[in-house]
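Below is one structure, written out as structure tokens; the observations come after it.
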Amino acid sequence: MDRRQEILRHIAPGTRGIEVAPWHNPIVPPGGERAVVVLDVFDRATLLARAEADSWIDRAAIGQIGEVDLVGSACDIAELARARFGAQARFDFVVSSHNLEHLPDPVRFLLGCEALLAPGGVVAMAVPDKRACFDFFRPHSATGAVLEAWHEARERPTFAQIFNQTAYNAGLRGPQGITGAFSIDDNPGQITLRGDVTQAYAAWRKLIDANDTGYHDTHCWTFTPSSLELILTELILLGIINFDIVSVTPPLGCEFFVHLRQRPTGAAAPGGLAERREWLLQQTIDELAHSSRQAWALRAASGPAIHGDAPPIRRGLLRRIGGRIRRLCGGAAWTSGDV
């Protein structure tokens, strides 16, 4: 499965939409089959400077960094687009790759997408699977925490979220060292804890004592495919978002893909969602169990016909994800927003 084709699977050529934070690797490049508006927390000059300073980024890829049309937080996507294009602005799609997990208030982002999308418009997201990245040891996020962030109108990650990413940071040991992006079929016995709880708490206390109000980027949320689908299903059942879930894929490497479609105003949600909640809860447990050492050992003992060696993550994908991690989780304090 090609990730770009999968993300664009429900987005027809000839349409117009918004891509969130493409940096040097756009899913929807300017001048292609689809018209695109770019949103990023940084303007183009800042993105170019950050890319030039990052030796991991292919120099040829820097040329893919285009103009930023909307500068600000993805949580404010509707306000930013309307300020630029007018109150009646409508788009056919929103593309977001490795951004949802960073957002302090994902409900506000989804509501912003809903406000901007034409009937039938699509939100297409690539999301890291917590079982296959540095979030491995963190619990998965649940709907109550997401609702709490929305009711608080949260503008930045909490100190607890920053602590959790730092204290429970994980990596996979391999021939080339330790990597923060891998596969759900890699040996979990090779996953090592890199976070230090004492240092993480000292950093937390320092933020409190300094009354720090800067934006310290982190993975606010952690997901597996079913745990995120459960959150989306419950938001639909509560009448908070007005989307249909088109698809939530199994993981490819360290990520999975989500497609939502704007439901016509007044249309009822599809039946069976309440019953699906229990299935998704059970499925989430199964997904988490898949990455346990015991389950891996059982698969390995069954032989290559069942387990085998997981296909390696493509070098380009790992490089792109590594670059995004360095950009978004490199310890910089952001004050203007998030993506």
Alpha-carbon centroid distance for the pair region 218-291 / region 39-106, whole angstrom: 25
Compactness of region 1-50 - radius of gyration and Dmax, Cα, Å: 11.9, 34
In region 1-87, the trypsin sites (Lys or Arg not before Pro) that fall in loop regions by DSSP, at most 14 other Cβ within 10 Å: none
Placing unit charges on C-beta atoms (Lys and Arg positive, Asp and Glu negative, everything else neutral), compute the dipole magnitude of region 71-147 about its Cα centre in debye, rounded to 20. 20
Only helical DSSP H runs with n ≥ 4 go in: add -39500 (n - 2.57) per run for the chain, normalise by residue count and round the 222 nm mean residue ellipticity to 500 deg cm²/dmol. -10500 deg cm²/dmol
Using only C-alpha positions, report the orientation-averaged shadow area of the convex hull of region 16-127, nm², one decimal. 7.0
Test of the criteria: in region 50-101, which chymotrypsin sites (Phe, Trp or Tyr not before Pro) are in a DSSP loop and have at most 15 other Cβ atoms within 10 angstrom of their Cβ? Trp56
Loop only by DSSP, 14 or fewer other Cβ within 10 Å of the Cβ. Give me the GluC sites (Glu not before Pro) in region 123-179 that pass, ordered by residue number. Glu152
Using eta = 1.002 mPa s and T = 20 °C, Stokes-Einstein with Kirkwood Rh from Cα pairs puts D for region 3-334, in µm² s⁻¹, at 103
Which value, in debye to the nearest 20, gives the size of the charge dipole of the chain about its Cα centre, when Lys and Arg are +1 and Asp and Glu are -1 at the Cβ? 560
Difference of contour (0.36 nm per residue) and Cα-Cα distance, Ala145 to Ala202: 18.1 nm
Among Pro250, Thr233, Gln199 - extreme Cα towards positive end, dipole of region 167-250, charges at beta-carbon: Gln199
Rule-of-thumb check for region 166-209: C-alpha Rg over 2.2 N^0.38 Å? 1.46
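Each value in this text was obtained by applying a stated rule to the coordinates, not by laboratory testing. Just so you know, these numbers come straight off a predicted model, no measurement behind them. With ideal geometry, Cβ positions are generated from the backbone for all residues, glycine too; neighbour counts draw on all protein chains shown.
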